[in-house]
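Trainee: Take this structure, written in structure tokens, and hold onto it; I'll ask about it next.
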Amino acid sequence: MSDAIRPQPGILDIALYQGGKSHVAGVANAVKLSSNENPFGASDRAKEAFQRAVHSLNRYPSTDHAALRQAIAEVHGLDAERVICGVGSDEILQFLAQAYAGPRDEVVFTEHGFLMYRLLAHAVGATPVQVPERERVTDVDAILRACNTRTRLVFIANPNNPTGTMISPAEVARLADGLPRQALLVLDGAYAEYVEDFDAGLALIESRTNVVMTRTFSKIYGLGGLRIGWGYGPQAIIEVLNRIRQPFNLSTAQLEAAEAAVRDQDWVVKCRHDNARMRNWLAGALAESGVPSDVSSGNFILARFASADEAGACDEFLQAQGLIVRRVASYNLPHCLRITIGDEAGCRRIAHAVAQFKGTR
């Protein structure tokens with residue numbers, strides 16, 4: 001290729017995203033606890049809607065996503081005109097980066113934040129700015145100190161991935177109020193549904209002009225294989241994002257399955273309660289084996305080991321038994337393993353295997 005043909009600045013700085021491992025060589029029927037998937041899958045209503053969509057595969061989908069946006073608005077008490085839908089919440093995050101950041105701008109995120117934030121900054125030629133956390137918790141003061149006249153986007157996940165920790169609504173409001181006037185606060189709510197009575201920042205959005213929230217159907221709704229997400233924010237910002245959204249970015253099957261899923265809140269409540277029960281049990285069982293973790297508000301636990309070597313050795317031990325978890329050295333946590341909360345059988349297998357590993361050390 002000619003040296004004159006070059007990608008935009010920043011793109012070659014992107015390290016390819018590595019998802020959670022799905023297979024172990026030589027091991028059949030491995031238990032995958034590496035991607036924070038709902039072990040109970042999608043609701044029956046969502047599955048039935050997906051199956052019905054097979055009869056209209058020859059038709060183009062809706063371009064305005066009106067039915068899904070209305071369903072989301074009704075369930076969450078929102079203005080449907082201010083809802084935008086995308087290919088997972090990742091696409092909404094991408095729209096925000098494309099629309100509001102570029103060369104000479106800065107994108108701020110925390111040291112243990114979602115890897116996509118850095119990738120998106122590079123993709124638009126902006127400068128990624130990593131801010132320290134305080135004992136694996138988002139530090140609002142550190143973020144505010146990092147902001148300046150070049151700051152355009154501030155990404156935080158609440159609950160955070162992979163730590164599982166949260167900051168209070170009051171702290172989120174303090175962050176929004178302290179940002180430079182040209183900066184936009186993006187609240188990544190991928191795990192919001194796992195928190196009881198949590199609005200994920202919706203009230204803040206209604207009273208501010210500089211806050212946007214993203215959500216996903218990939219986690220508690222069990223639709224990770226379909227890739228559907230949504231965002232909510234001020235009307236002016238949503239209108240900007242819709243200008244760069246591809247008109248047919250979501251298929252009919254995606255739209256109809258997601259609409260059925262969001263209207264089945266009984267399934268969401270059941271999954272949240274089952275997750276909390278097994279999460280608490282697993283955290284206690286790991287602690288008894290000498291593996292601590294912070295209180296998690298998501299559908300995973302960040303298990304901490306004495307060193308990166310011990311975490312790696314434990315991961316190898318688990319894989320040998322057909323148990324796949326996530327190494328998180330790329331999140332600046334080399335001494336940790338992120339363990340998705342599976343069903344009861346999966347959680348008990350993990351707890352037993354970690355206890356065996358610790359007993360052999």
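Throughout, read-outs are computed from the coordinates displayed, never taken from laboratory work. Remember, predicted model here, so these are calculated numbers, not experimental data. Cβ sites come from the backbone with ideal geometry, for glycine too, and all protein chains shown count toward neighbours.
Trainee: Gap in Å between the Cα centre of segment 288-361 and the Cα centre of segment 227-275?
Mentor: Going from one Cα centre to the other spans 31 Å.
Trainee: When DSSP beta bridges are limited to those with both residues in segment 139-283, what percentage is antiparallel, rounded to the nearest 5?
Mentor: Working: 4 of 13 bridges.
If I count the DSSP bridges inside segment 139-283, around 30 percent turn out antiparallel.
Trainee: Which of rounded, prolate, oblate describes segment 178-304, given a ≥ b ≥ c as roots of the alpha-carbon gyration tensor eigenvalues and a/c under 1.5 marking rounded, otherwise prolate only if a/b is larger than b/c?
Mentor: Here segment 178-304 falls in the oblate category.
Trainee: Among Thr252, Thr340, which comes first, second and so on when ranked by fewest other beta-carbon atoms within 10 Å?
Mentor: Ranking Thr252, Thr340 by Cβ neighbours within 10 Å, fewest first, gives Thr252, Thr340.
Trainee: For the chain, what proportion of DSSP beta bridges, expressed in % and rounded to the nearest 5, is antiparallel?
Mentor: The antiparallel fraction comes to roughly 45 percent.
Trainee: If I require 27 Å or longer along the helix axis, counting alpha carbons, and a Kyte-Doolittle average no lower than -1.0, what helices from the chain are left? Use full DSSP H segments.
Mentor: Taking the DSSP H segments of the chain (at least 27 Å long, mean hydropathy at least -1.0), we get 265-288.
Trainee: May I ask for the percentage of alpha-carbon pairs in segment 82-167 that lie more than 21 Å from each other?
Mentor: 29 percent
Trainee: A follow-up question, please. With a/c under 1.5 counting as rounded, go ahead and sort segment 115-242 into rounded, prolate or oblate using the C-alpha gyration tensor (a ≥ b ≥ c being the square roots of the eigenvalues; past the cut-off, prolate if a/b is larger than b/c, else oblate).
Mentor: On the way: a/c = 1.31, a/b = 1.21, b/c = 1.08.
It is rounded, given that a/c, with a ≥ b ≥ c, falls under 1.5.
Trainee: Using only the alpha carbons of the chain, what is the convex hull's orientation-averaged projected area in square nanometres?
Mentor: Result: a mean projected hull area of 19.8 nm².
Trainee: Would you mind ranking His65, His112, His55, His122 so that the residue whose beta carbon has the fewest other beta carbons within 10 Å leads the list?
Mentor: In increasing order of surrounding Cβ atoms, one gets His55, His122, His112, His65.
Trainee: Then there's this: Test of the criteria: in segment 155-235, which trypsin sites (Lys or Arg not before Pro) are in a DSSP loop and have at most 10 other Cβ atoms within 10 angstrom of their Cβ?
Mentor: Details: sites: Arg174, Arg181, Arg208, Arg215, Lys219, Arg227; in loops: Arg181, Arg208, Lys219, Arg227.
For trypsin sites (Lys or Arg not before Pro) across segment 155-235 that sit outside H, G, I, E and B with at most 10 neighbouring Cβ atoms in 10 Å, the list reads Arg181.
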